[in-house]
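Novice: Got a structure for you, written out below as structure tokens; questions coming shortly.
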Amino acid sequence: MSAPQFASSHPNLARQVRRLKRLGVALNAETATQPTVEQLYQLKAGTESLGAENLFGDKLRREFLLAAAQSGDPPAELHRFSRGEEWIAALLSFRDGTVQRFYTTWFNPAWRRYSPGSALLYEVTRLSLAEGLECDYMTGEQPFKLRLATGVKPLYQLAMSAEAAGPQRELLAAA
């Protein structure tokens, strides 16, 4: 799908982006650094709506994601809607060849009425398509992802014993 086709398919989200911009919210895209990724996952860990199932409350998981964000070539990108120093919404993505993989989204609950997380996902998707990239929203069947996706692919699972993993078993045990 082209960027113009995508934009015309989601006029409400385009309107939300324009509304946020009128309120002084700017879109920033930057290489994901240790401080910005740590801040994203601290914010994500504090998201009350995730409750007891909040995976990002686990310090080891956050450390793994920080390492993953910095290990890629190119490293992960952090896209943010912000107004001054205030984070409105954030999105961590990984570039995999010609595919932009969207991993983590977060939004500031004080801005909920403007749907900043969905608006950011929409805008980064539109810009990625304009660059000629494909977009992958990865796992999770959240409604905001399904609204934007043009297809769904099944995930596959690989099962093996630690003994079969051989020298990689320490990595598997840590995961």
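Novice: Have a look at Arg61, Arg18 and point out the one that is surrounded by fewer than 16 Cβ atoms within 10 Å (Cβ to Cβ) and either polar (S, T, N, Q) or over 16 Å from the mean Cα position of the chain (by Cα) (or both). So that I can check it myself, show each step before the final result.
Specialist: Working: Arg61 fails: either polar (S, T, N, Q) or over 16 Å from the mean Cα position of the chain (by Cα) (or both).
That would be Arg18, the only listed residue that is surrounded by fewer than 16 Cβ atoms within 10 Å (Cβ to Cβ) and either polar (S, T, N, Q) or over 16 Å from the mean Cα position of the chain (by Cα) (or both).
Novice: Okay, moving on. Among the candidates Met138, Met160, single out the residue that is at positive phi, modelled with pLDDT under 85 and surrounded by 10 or more Cβ atoms within 10 Å (Cβ to Cβ). Working first, answer last.
Specialist: Numbers: Met160 fails: at positive phi.
Exactly one residue qualifies, and that residue is Met138.
Novice: Which of the residues that make up segment 53-107 are of a type in the set (S, T, N, Q) and under 11 Å from Leu40 (Cα atoms)?
Specialist: Restricting attention to segment 53-107, the residues satisfying the condition of being of a type in the set (S, T, N, Q) are 54, 70-71, 82, 93, 98, 100, 104-105.
Correct list: Thr104, Thr105.
Novice: A further question follows. Thr105 - would you say it is among the β-branched types (Val, Ile, Thr), at pLDDT 85 or above and surrounded by 14 or more Cβ atoms within 10 Å (Cβ to Cβ)?
Specialist: On the way: among the β-branched types (Val, Ile, Thr): yes; at pLDDT 85 or above: yes; surrounded by 14 or more Cβ atoms within 10 Å (Cβ to Cβ): yes.
So Thr105 fits the description; yes.
Novice: As an exercise: evaluate Ser93 against (1) in contact (Cβ under 8 Å) with a residue 60 or more places away in the chain; (2) of a type in the set (S, T, N, Q); (3) farther than 15 Å from Gln16 by Cα; (4) crowded, with 22+ Cβ neighbours inside 10 Å and give the number of the one condition it does not meet.
Specialist: Failed condition: (1).
Novice: Also, quick follow-up: Show the residue pairs meeting these rules: Cβ distance below 6 Å; 6+ apart or different chains; first residue within segment 1-29 and over 11 Å from Ser115 (Cα atoms) and touching a residue at least 12 places away in the same chain (Cβ under 8 Å); second residue aliphatic (A, V, I, L, M) and outside any helix (DSSP H, G or I).
Specialist: If the second residue must be aliphatic (A, V, I, L, M) and outside any helix (DSSP H, G or I), the pairs left are Val25/Ile88.
Novice: Which ones in segment 62-104 are under 16 Å from Ser115 (Cα atoms) and of a type in the set (Ser, Thr, Tyr)?
Specialist: Scanning segment 62-104 gives Ser82, Thr104.
The values are calculated or read from the model by the stated rules, or taken from the named source; none is laboratory data. Please read all numbers here as calculations on a predicted model, not as lab measurements. For neighbour counting, all protein chains shown are included, and Cβ atoms are generated from backbone atoms with ideal geometry for every residue, glycine included.
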